[in-house]
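> Got a structure for you, written out below as structure tokens; questions coming shortly.
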Amino acid sequence: MPYILLRYLLAMLHKFLISDRGITDFIVWIIMTLNYPSFLSSLYGRFLIRLAKGENIIYLYADRHVLTERADVPEEFVYRELAIYEVLTRYLAKCSVDTGRYRPVKAAARVLRCLNIA
């Protein structure tokens, strides 16, 4: 409910919110932590996908090896999580930015370009 109210308020003010976590991340978290790949076909999963479609999602990703170095989790976990993100963002993301290839300032500039801000 707070998410819906925040989106409504921001739309009224003609503002937007940039965050590093969103509905797509929540969906991936549910699938991974509950080991529930069929979540997307559930009532809650379909509801969250509909909410995610209303966002301007920019997929920030890195190569498997970079992610494995950054994370303190088993490789299999990173590979599985990355596969879920890749499938979801293929349908939901406006564009993608490789954070493993670019320095933070250049990655941020690419994000702003995706949003047609810079």
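No lab work stands behind these numbers, since they all come straight from the coordinates. Treat the numbers as computed from the prediction; the structure is a model and nothing was measured. All Cβ positions, glycine included, derive from the backbone under ideal geometry; neighbour counts span all protein chains shown.
> What whole number of Å gives the distance from the Cα centroid of the stretch 28-43 to the Cα centroid of the stretch 56-114?
Here the answer is 20 Å between Cα centres.
> Could you give me D for the stretch 21-114, from Stokes-Einstein at 10 °C and 1.306 mPa s, where the hydrodynamic radius is the Kirkwood radius over C-alpha pairs? Units µm² s⁻¹, please.
Reported coefficient: 113 µm²/s.
> Can you list the residues, at least 5 places off or on another chain, whose amide H is less than 5 Å from the amide H of residue 60, using H built in the peptide plane?
Here the answer is 97, since their amide H atoms fall under 5 Å of that of residue 60.
> Taking θ = phi - 60°, what integer Hz values does the Karplus form 6.51 cos²θ - 1.76 cosθ + 1.60 yield along the stretch 79-84, in sequence order, with x for Gly and Pro?
Going residue by residue, I get 5, 5, 4, 4, 4, 5 Hz, with x marking Gly and Pro.
> With a Förster radius of 25 Å, plug the Cβ-Cβ distance of residue 108 and residue 76 into 1/(1 + (r/R0)^6) and report the FRET value to the nearest 0.05.
0.20
> Still on this structure, I have one more. Can you work out the Karplus-derived ³J(HN,Hα) for every residue in the stretch 21-38? Use 6.51 cos²θ - 1.76 cosθ + 1.60 with θ = phi - 60°, whole Hz, and x for glycine or proline.
For the stretch 21-38, the Karplus-derived couplings read 9, x, 5, 4, 5, 5, 4, 4, 4, 4, 4, 6, 6, 8, 6, 10, x, 7 Hz, x marking Gly and Pro.
> Once label points are set 7 Å from the Cα along Cα→Cβ at both residue 41 and residue 56, what is their separation, rounded to one decimal in nm?
3.5
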